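Notes follow the structure.
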């Protein structure tokens, strides 16, 4: 929950295959569209979701992407929480460094995702990783 607020919309997408990555990406874009985020924001949010859910299949086999929408008198906020029960991220701070990869990738995933959204936070230990990404816009 954000600042004690309950979400207005909550969605859950299990991530077990590449098809699920597409579903999660589309759901993120759809939510951003419904709340009138710009096309650029919709694309950036969907791209970050795609990257982070792909990491589930790469490092943990299965997981989920949960979506929450919060509104108050000034802002619409959409949060995606990407969760897996894999080995964890050994050093989250290092993992946020461009070029660092614990696998065979280019090391652009987590830092790239962070650049695409307004906020990104990581909680990770062996058996549970939670990454939250947030986009926010002022109401008109």
- prompt: What residue, of 30, 11, 51, is under 22 Å from residue 75 (Cβ atoms) and in contact with a helix residue (DSSP H, G or I) (Cβ under 7 Å, 6 or more places away or on another chain)?
  reply: 11
- prompt: Looking only at residues in the range 87-100 that are surrounded by 13 or more Cβ atoms within 10 Å (Cβ to Cβ) and assigned to a loop (DSSP other than H, G, I, E, B), which one is modelled with the lowest pLDDT?
  reply: 100
task: Go through (1) at pLDDT 95 or above; (2) part of a loop (DSSP other than H, G, I, E, B) one by one and return the number of the condition residue 83 breaks.
output: (2)
- line: Across the range 14-28, the tally of residues that are closer than 17 Å to residue 134 by Cβ and either modelled with pLDDT under 95 or crowded, with 21+ Cβ neighbours inside 10 Å (or both) stands at 3
task: Determine whether the range 56-73 contains at least one residue that is exposed (fewer than 14 other Cβ atoms within 10 Å of the Cβ) and over 23 Å from residue 123 (Cβ atoms).
output: yes
query: Which of the residues belonging to the range 117-131 are assigned to a strand (DSSP E or B) and either surrounded by fewer than 16 Cβ atoms within 10 Å (Cβ to Cβ) or over 15 Å from the mean Cα position of the chain (by Cα) (or both)?
result: 119, 121, 123, 125, 128, 130
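The values are calculated or read from the model by the stated rules, or taken from the named source; none is laboratory data. The structure presented is a predicted model; accordingly, all values stated were derived computationally and were not measured. Positions of Cβ are generated from backbone atoms using ideal geometry, with glycine treated the same way; all protein chains shown enter the neighbour counts.
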